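Participant: Input: one structure, supplied below.
The values are calculated or read from the model by the stated rules, or taken from the named source; none is laboratory data. In this text, all values refer to a predicted model and were calculated from it rather than measured experimentally. FYI the Cβ positions are ideal-geometry reconstructions off the backbone, even for glycines, and counts take in every protein chain you see. Surface areas here come from the heavy atoms of the whole protein model, side chains and all, with no ligands, DNA or RNA. Shrake-Rupley method; radii C 1.70, N 1.55, O 1.52, S 1.80 Å.
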Amino acid sequence: MTTTSSILKLAAAVASSVYVLAQVAKIVRQGQNPRLTKLPPTSRGVESLVGNTPLIEIKSLSKLTGCRIYAKLELCNPAGSAKDRVALAIIRENEKSGKLTPHHGDIIFEGTSGSTGISFALLSNALGYHTHICLPDDTSDEKIKLLASLGAIIEPVKPASIVDPEQYVNAARARASAINDDQSDPRNAVFADQFENDFNWRVHYNTTGPEIWTQMQGRIDCFITGSGTGGTIAGVGRYLKEQDASVRVILADPQGSGLANRVNHGVMYDTVEKEGTRRRHQVDTLVEGIGLNRLTWNFQQGEKYIDSAVRVSDDQALKMARFLCENDGLFWGSSAAINCVAAVQTALTLGPGHQIVVVACDSGARHLSKFWAHAARLPADISLQDIV
Ligand SMILES: Cc1ncc(COP(=O)(O)O)c(C=O)c1O
Ligand SMILES: *[C@@H]1O[C@H](CO)[C@@H](O)[C@H](O)[C@H]1NC(C)=O
C-alpha cells in the first residue's frame, strides 16, 4: 500500500518536472521567435501589429503550374488589410507635423467605402482620434455595419462623378476644411486622401517591399497585384525593381477597369465602355477595392515600374476564390482572387521554375454579401483549366 502510493507520488513528481522542463524549453524557444516581442506589453498597442505580415506558398497553384507561387498575407494586419500600413503612416506623419494630437478631439476624414475607412476607424480608436467616413449611399450594409461597430462617424452621400463637389472623396475634403477654417473650433481635422497622398506608396516602398524581398531571400521573378489607389503596386514595384531590375511587375486588373489598357496600350480604355453599357458605378465588377477609370497620384508613381497588365473577368475571379478555398483552405477576398488568376496565367506564359509573389489583400469575410454570395454557389471541384 505505502510502496504503491510512494511510487505513485514519485511518478507524479517526475511527470510534473518533465512538464516544467518542457515549458521552460518552450519559453526559451519562443524567445528566439522573431514574432514574439521582448518589449513589455505596456508599451505595445494594436498598432504595433501593423506590417511584418507572413508570406506563404499557395501549394495547389505551385503544384499545378510548376512555378512557386507565394502570397503576402496583408489580411493578417489587425484591421484586416494592407490599408493599416497606409492609415498608420498617415496618422504618424500628421502627428509629427503637429496636425494631429491624441485625445484632443481631432478627426480624420476619408472618402471611402472600402478597407481604408476600416483601418482608420480601428487605429483612430487605438491612438486617440475620431474617424469620419464619407461614402456612397449605396454601400453594402455589411460595410456600413462594420464601420458603425468600430465607432466611425458615417456620412452617406449620393454616388457622383469625381468632378462633382459632393462626390464622397470631395465631400470628405470639404468637411475637413470646414473644421480647420472655423476659428472657434479647437479640433484639428486631417483629410487622409489615400488616392493622392504621397505617404501611401511610400509606406509600401518602406515596408511591404523590403519585407517581400527579405522573405523571398532576393529570389523573385514576378510581383503581381491590383491597383485601387495604386499605392501597393507603386511602392512595392519600385522597391523590387531597385533591388533587381529583372523582377517583372504585373498589374492584375478586373473587368470594367481602364488601367490594364493604360498599361498595355498607353490609353485609359475599357472594352465595356465601347459597348456603351450604362454603368451606375465607375467600375462594373463584383470585385471590390481595385480597378479604376482615372489616373491617381499613387498609380502614376508606379506606372514606369509596371511591365504589363493582365485583365481578369469576374467569372475567373469567382472560380479562383472557390478553388483556393476548397484546395488550400485559403478564404480570400475578390482582389486576392484576381491576383491569383493573373499569377497562374503568368506562370503558364513564363513556364515552370519561376518564383511569383501576389498580395492577399483581404479575407473572404469582407465580401460575404456580394462576391462570396456568388462564389459560394460554385461547384467545389473546379479545375485550373476551368479558370484560365
Ligand atoms: C481589398 C483591396 N484589395 C486591393 C486594394 C488595392 O490596394 P492599393 O490601394 O494599394 O492599390 C485595396 C485598396 O484599395 C483593397 O481594399
Ligand atoms: C519612409 O522612410 C523614410 C526614411 O526612413 C522616412 O523619412 C519616411 O518618413 C518614411 N515614410 C513613410 C510614409 O513611412
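Participant: Name the residue farthest towards the positive end of the dipole of the stretch 83-191 from the options ALA89, GLN183, PRO165, assuming +1 on Cβ of Lys and Arg, -1 on Cβ of Asp and Glu, about the Cα centre.
Facilitator: ALA89
Participant: In whole Hz and in residue order, list the ³J(HN,Hα) couplings for the stretch 82-94 that follow from phi through the Karplus curve 6.51 cos²θ - 1.76 cosθ + 1.60, θ = phi - 60°; x for Gly and Pro.
Facilitator: 4, 5, 4, 4, 5, 4, 5, 4, 5, 4, 5, 5, 6
Participant: Please give, to one decimal in nm, the separation of the simple spin-label points placed at SER17 and ASP138, each 7 Å out from Cα toward the Cβ.
Facilitator: For SER17 paired with ASP138, the spin-label model returns 7.4 nm.
Participant: Round to the nearest 0.05 the FRET efficiency obtained for PHE331 and GLN217 when R0 = 25 Å and r is the Cβ-Cβ distance.
Facilitator: That pair, PHE331 with GLN217, gives E of 0.35.
Participant: For ASP181, what is the net charge nearby, where nearby means another residue's Cβ is under 15 Å from its Cβ and Lys, Arg count +1, Asp, Glu -1?
Facilitator: +2
Participant: Okay, moving on. Using only Cα atoms, find the angle between the long axis of helix 314-328 and the longest principal axis of the chain, and express it within 0 to 90 degrees, rounded to the nearest 10.
Facilitator: Roughly 0 degrees between the two axes.
Participant: How much of the accessible area of the chain, probe 1.4 Å, is carbon plus sulfur, in whole percent?
Facilitator: 54 percent
Participant: Something else now. In whole Å, what is the distance between the alpha-carbon centres of the stretch 97-128 and the stretch 155-178?
Facilitator: Spelled out, the Cα-based centre of one part sits 18 Å from the other.
Participant: Can you run the Rg to Rh ratio on the chain? Use alpha carbon positions and the Kirkwood inverse-distance Rh.
Facilitator: 1.06
Participant: To continue, here is another question. Tell me, what ³J(HN,Hα) does each residue in the stretch 305-310 have, in order and in whole Hz, if you take phi through Karplus 6.51 cos²θ - 1.76 cosθ + 1.60 with θ = phi - 60° and put x for Gly and Pro?
Facilitator: Each residue's phi maps through the Karplus curve to give 9, 8, 7, 7, 10, 10 Hz.
Participant: Calculate for the chain the 222 nm mean residue ellipticity that helices alone would give, adding -39,500 (n - 2.57) per DSSP H run of length 4 or more and normalising by residue count, nearest 500 deg cm²/dmol.
Facilitator: -13000 deg cm²/dmol
Participant: Separation between the ALA148 and SER308 pseudo-spin-labels, each 7 Å from Cα along Cα→Cβ, expressed in nm?
Facilitator: In this crude spin-label approximation the distance works out to 4.7 nm.
Participant: Please give the helix 231-243 orientation as an angle from the longest Cα principal axis of the chain, in degrees from 0 to 90, rounded to the nearest 10.
Facilitator: 70 degrees
Participant: Taking 2.2 N^0.38 Å as the expected size of a compact globular protein, what ratio does the Cα radius of gyration of the stretch 83-191 give against it, to two decimals?
Facilitator: 1.02
Participant: What fraction of the DSSP beta bridges in the chain is antiparallel, stated in percent and rounded to the nearest 5?
Facilitator: The antiparallel fraction comes to roughly 10 percent.
Participant: Which residues in the stretch 329-346 place their backbone N less than 13 Å from a point set 7 Å from the Cα of SER383 along the Cα-to-Cβ direction?
Facilitator: Zone members listed by number: none at all.
Participant: Tally Lys/Arg at +1 and Asp/Glu at -1 over every other residue whose Cβ is under 10 Å from the Cβ of ALA342; what's the total?
Facilitator: Charge balance near ALA342 sits at 0.
Participant: Full extension from ARG187 to ALA373: what is 0.36 nm times the residue separation minus their Cα-Cα distance, to one decimal in nm?
Facilitator: Using 0.36 nm per residue and subtracting the Cα-Cα distance, I get 62.8 nm.
Participant: Let me ask something else. Could you check the simple spin-label distance between LEU348 and GLU155, using points 7 Å along Cα→Cβ, in nm with one decimal?
Facilitator: That separation, rounded to one decimal, is 4.8 nm.
Participant: Over 24 Å between Cα atoms, which of LYS63/LYS304; LYS319/LYS370; LYS83/LYS145; LYS158/LYS319; LYS72/LYS99; LYS72/LYS319 qualify?
Facilitator: LYS63/LYS304; LYS158/LYS319; LYS72/LYS99
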